[in-house]
Amino acid sequence: MVQTIIIPVAVLAILGFVFAIALGFVSEKFHVEKSVKEQEVRNALPGANCGACGFPGCDGLAAAIAKGEAPVDACAIGGKATTDAVAAVMGVESAGGSDRKVAVVKCDGTCEAAKDLYEYSGLEDCRAQIALFGGKKACNYGCVGCGSCEKVCPFDAIHVKDGVAVVDREKCVACGKCVATCPKNIITLVPFSQKQVVLCSSHDKGKDARNNCKNSCIGCTICAKTYPEAFAMDNFLSVEQIGNEFDPELLKQAAEKCPNKCIEIFE
C-alpha cells in the first residue's frame, strides 16, 4: 500500500526536477538581453501598464522608445515629469509634456431625467445592449449606463451613478480605455485646465431633445450668445471651445442661463 503511494510521488518529483532544468535551459537560451538605455527608459516610466500608449505595457513602450520607434512623450499618463525623465535618458530635448487631459462623459441623462423605451435586464454591457436591443434610452445619444467603461478603467476613475457614467477628475489619467469602449462615442478627452463642459451629445432638435431627456441641450443658443468665445453651436448642440483663458464669470453666466442646466463649470 505504501509502495503504491511512494512510487507515483517519486515519479512526479523526478519529472518536476527534469522540467525545471529544461525550463531553465530554454529561458537562458532564448533570453533577450535588454539594453541599458531600454532599462533606464523603463525605470522612468510609471509602470501602470495601462496600454494607453498603444504598446503592450511599459516594457513594450520602453523598447520602442529606446529603438527610436516611439516619441519620448508617448506615455499618456506620465505627464511632464515622465517625459522629462525619458528625454534625459534618450539625450534629447524634452517637449515639456502636453497639458494633462481628463475624460468627460458628455451626457447627463440620469434615471430621472432621461426617458427609457423599455426596462433592460440583460447582460450588463453597453455594447451588448446596443447590438441586441438598440439601447433602452429614448435619446440615441445618451449614456447606456451598463458600466462597460467602468469595467475597463484600470484606475477606478469612472463609475455609473444614477444611470450615467461619471468621471473622477482627480483619479483619471486619460488612458483612453473608456473612450475606446463607449459604443455611443460620448466619452472624450479634454484638457484638465478646461473649465466648461456641455454635458450633452444630442443633435436632436429642441422639442425632441427635451422630450427624450430633461437635461439635454435644446440648441437654444443662449450660451453661445452670452459667451461666443467659449461656446459655439453645431447642428442644434452647444459645443465648448478649447482654451484656458476664458473669463470665469462669463462662463458662470452662460451656465446659469442654460434652461436645462446641461453646462458644468469646473473650478
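The values are calculated or read from the model by the stated rules, or taken from the named source; none is laboratory data. Source: prediction; values computed, not measured. When we count neighbours, we look across all protein chains shown, and the Cβ atoms used for this are built from the backbone with ideal geometry, even at glycine. Protein only, heavy atoms only, side chains kept; ligands, DNA and RNA dropped before computing areas. Shrake-Rupley method; radii C 1.70, N 1.55, O 1.52, S 1.80 Å.
Worth a mention:
- Screening Cys172, Cys149 for residues that are within 27 Å of Lys115 (Cβ to Cβ) and in contact with a helix residue (DSSP H, G or I) (Cβ under 9 Å, 6 or more places away or on another chain) leaves exactly one candidate, Cys149.
- In the stretch 16-45, the residue that is nearest to Val173 (Cα to Cα) out of those that are at pLDDT 85 or above, open to solvent by 40 Å² or more (accessible area, probe 1.4 Å) and out of contact with any Lys or Arg (no Cβ under 9 Å at 6 or more places or on another chain) is Asn43.
- Number of positions in the stretch 193-214 that are part of a loop (DSSP other than H, G, I, E, B), surrounded by 17 or more Cβ atoms within 10 Å (Cβ to Cβ) and not basic (Lys, Arg): 6
Residue-wise test of (1) modelled with pLDDT of 95 or more; (2) on the phi < 0 side of the Ramachandran plot.
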{"residue": "Val144", "(1), (2)": "no, yes"}
{"residue": "Glu150", "(1), (2)": "yes, yes"}
{"residue": "Pro154", "(1), (2)": "no, yes"}
{"residue": "Ile158", "(1), (2)": "yes, yes"}
{"residue": "Lys161", "(1), (2)": "yes, yes"}
{"residue": "Val167", "(1), (2)": "yes, yes"}
{"residue": "Cys172", "(1), (2)": "no, yes"}
{"residue": "Gly176", "(1), (2)": "no, no"}
{"residue": "Ala180", "(1), (2)": "no, yes"}
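- With respect to being farther than 17 Å from Cys143 by Cα, in contact with a helix residue (DSSP H, G or I) (Cβ under 7 Å, 6 or more places away or on another chain) and aromatic (Phe, Trp, Tyr), Phe231 fits the description.
A quick yes/no check of all residues on (1) among the β-branched types (Val, Ile, Thr); (2) touching a Ser or Thr at 6+ places or on another chain (Cβ under 8 Å); (3) closer than 21 Å to Thr110 by Cβ; (4) surrounded by 19 or more Cβ atoms within 10 Å (Cβ to Cβ):
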position: Cys220; (1), (2), (3), (4): no, no, yes, no
position: Thr226; (1), (2), (3), (4): yes, no, no, no
position: Pro248; (1), (2), (3), (4): no, no, no, no
position: Phe266; (1), (2), (3), (4): no, no, yes, no
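- Any hit, the stretch 76-84, residues being of a type outside the set (D, E, K, R), surrounded by fewer than 18 Cβ atoms within 10 Å (Cβ to Cβ) and more than 23 Å from Glu170 (Cβ to Cβ): no
- Filter result for Lys257 (touching a helix residue (DSSP H, G or I) at 6+ places or on another chain (Cβ under 8 Å) and modelled with pLDDT under 95): no
- Total residues in the stretch 125-167, condition polar (S, T, N, Q) and open to solvent by 50 Å² or more (accessible area, probe 1.4 Å): 1
- Residue in the stretch 113-124 that is buried (at least 17 other Cβ atoms within 10 Å of the Cβ), modelled with pLDDT under 90 and on the phi > 0 side of the Ramachandran plot present: no
- Members of the stretch 51-82 that are over 17 Å from Gly176 (Cβ atoms) and either touching a Cys at 6+ places or on another chain (Cβ under 8 Å) or not small (Gly, Ala, Ser) (or both): Asp59, Ile65, Lys67, Glu69, Val72, Lys80
- Pair list, Cβ < 8 Å and 6+ apart or interchain, from the stretch 55-67 residues that are more than 11 Å from Val41 (Cα to Cα) and open to solvent by less than 30 Å² (accessible area, probe 1.4 Å) to residues that are assigned to a loop (DSSP other than H, G, I, E, B) and modelled with pLDDT of 85 or more: none
- Qualifying helices (runs of 4 or more DSSP H) (wholly inside the stretch 107-192; at least 3 residues being touching a residue at least 60 places away in the same chain (Cβ under 8 Å) and not hydroxyl-bearing (Ser, Thr, Tyr)): 177-181
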